[in-house]
Amino acid sequence: MTTVLDVQRYKDEGKRFAMLTAYDFLSARILDEAGIPILLVGDSLGMVMLGYPTTLPVTLEEMLHHARAVSRGARQALLVGDMPFMSYQASVEDAIRGAGRFVQEAGMHAVKLEGGGRVVEITRQLTEVGIPVMGHLGLTPQFVHQMGGFKVQGKTDAQAAQILADARALEKAGAFSLVLEGVPSKLAAEITHALRIPTIGIGAGPATDGQVLVFHDMLGLTTGKAPKFVKRYANLAEEIARAATAYAEDVRAGRFPGPEHEYTTNGSTPAKDPNEVRYGG
Ligand code: KIV
């Protein structure tokens, strides 16, 4: 099983690594079996799974529901639960109780928190009680209103210096890794070089130790123009539409179900494959 020590070793040995988001049992199992070392149950699920306009409405209960499903599907990956907006900002006690639920009830191995400042102390205290923390700086979607939109951060010298200072403080507080989102490549390279812990980039260029993408973006399930930093490795939205149309046409034309899909009255028809997925009776 991948642990936080392995993630540190990747950096120490100069091995780049991938992280992907996962939000449900089956996709977690596929990604886990494909050897993705870190699965993040990101609060981006609010947008891609639940249809919210931002990640702000996502609740701790919603996150735990998805995290439980992911942990039932994954065997090898390090599982990181994303602390949603307002589950950790108000007090260290809220943060410890919420993060504790991710570990105790949902099988997560670590949590991720957005921001620097007061999150540094929360990181220190979570680490102290044995809950590994992944930091997250730069374009932090939970700060969307303060940033005035989803905008690249760290473009000015002052902003860049603040992000670097927060990164150092999070490392010092015990964070085991740091997501850098939506920052200029040069700044991500500087932070990656300055830190002992691994950085994981999304829209942060090629110099970070790891990369992360949102599952639905990477597979082309999100439609429309993708953000610049997304690489689509498949076009599943088109593939799903094609399959659904073909199915509906088969039903209309009487081609589905065929004889191979029927049960007969002469004898039982046990499933040939014990792994055959069955829903209901
Ligand atoms: O919520 C999420 O999926 C994230 C990643 C994009 C880093 O925070």
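The values are calculated or read from the model by the stated rules, or taken from the named source; none is laboratory data. None of these values were measured; they are calculated from a predicted model. Here the Cβ positions follow ideal geometry from the backbone for every residue, glycine too, while neighbour counts run over all protein chains shown. Only protein heavy atoms, including side chains, enter the accessible area calculation; ligands, DNA and RNA are left aside. Shrake-Rupley method; radii C 1.70, N 1.55, O 1.52, S 1.80 Å.
With (1) more than 12 Å from the ligand (Cβ to nearest atom); (2) crowded, with 19+ Cβ neighbours inside 10 Å as the list, and V214 as the residue in question, which single condition is left unmet?
It fails just one condition, (1).
Which is free of Cβ contacts under 8 Å to residues at least 24 places away in the same chain and open to solvent by 20 Å² or more (accessible area, probe 1.4 Å), of G14, G35?
Answer to the selection: G14.
Looking only at the stretch 64-87, count every residue that is crowded, with 16+ Cβ neighbours inside 10 Å and among the polar types (S, T, N, Q) and tell me the total.
2
Being charged (D, E, K, R) and in a helix (DSSP H, G or I) is the filter; apply it to the stretch 241-258 and report the residue that is surrounded by the fewest Cβ atoms within 10 Å (Cβ to Cβ).
Selected residue: R252.
For the condition at pLDDT 95 or above and among the hydroxyl-bearing types (S, T, Y), what is the one hit in T140, T223? Steps first, please.
Numbers: T223 fails: at pLDDT 95 or above.
Only one candidate passes the filter, namely T140.
Which is assigned to a helix (DSSP H, G or I), more than 16 Å from the ligand (Cβ to nearest atom) and either outside the structural domain of I163 (by TED's automatic domain parsing) or within 21 Å of A204 (Cα to Cα) (or both), of Q125, Q146?
Q146
Does A22 satisfy the condition of being open to solvent by less than 40 Å² (accessible area, probe 1.4 Å), of a type in the set (A, V, I, L, M) and within 14 Å of the ligand (Cβ to nearest atom)?
Spelling it out, A22 is indeed open to solvent by less than 40 Å² (accessible area, probe 1.4 Å), of a type in the set (A, V, I, L, M) and within 14 Å of the ligand (Cβ to nearest atom).
Does the stretch 153-179 hold any residues that are open to solvent by 70 Å² or more (accessible area, probe 1.4 Å) and either outside any helix (DSSP H, G or I) or of a type in the set (D, E) (or both), and which are they?
K155, T156, D157 - these are the residues of the stretch 153-179 that are open to solvent by 70 Å² or more (accessible area, probe 1.4 Å) and either outside any helix (DSSP H, G or I) or of a type in the set (D, E) (or both).
If you go through the stretch 222-235 one residue at a time, how many are over 20 Å from A204 (Cβ atoms) and open to solvent by less than 60 Å² (accessible area, probe 1.4 Å)?
Looking only at that region, the number is 2.
Return a yes/no flag: does the stretch 184-197 have any residue that is closer than 22 Å to Y88 by Cβ, open to solvent by less than 40 Å² (accessible area, probe 1.4 Å), in contact with a helix residue (DSSP H, G or I) (Cβ under 8 Å, 6 or more places away or on another chain) and within 15 Å of the ligand (Cβ to nearest atom).
no
Going through the stretch 125-138 one residue at a time, which ones are among the hydrophobic types (A, V, I, L, M, F, W, C) and surrounded by fewer than 24 Cβ atoms within 10 Å (Cβ to Cβ)?
Listed by number, the residues that qualify are V129, I131.
Counting only residues that are hydrophobic (A, V, I, L, M, F, W, C) and open to solvent by 40 Å² or more (accessible area, probe 1.4 Å), which one in the stretch 38-63 is farthest from the ligand (Cβ to nearest atom)?
L50
If I go through the stretch 88-122 residue by residue, how many of them are touching a Ser or Thr at 6+ places or on another chain (Cβ under 7 Å) and open to solvent by 20 Å² or more (accessible area, probe 1.4 Å)?
Of the residues in that region, 2 qualify.
Within the stretch 98-107, does at least one residue satisfy the condition of being within 13 Å of the ligand (Cβ to nearest atom) and of a type outside the set (V, I, T)? Steps first, answer last, please.
So in the stretch 98-107, the residues within 13 Å of the ligand (Cβ to nearest atom) come out as none.
Looking for residues that are within 13 Å of the ligand (Cβ to nearest atom) and of a type outside the set (V, I, T), one finds none in the stretch 98-107, hence no.
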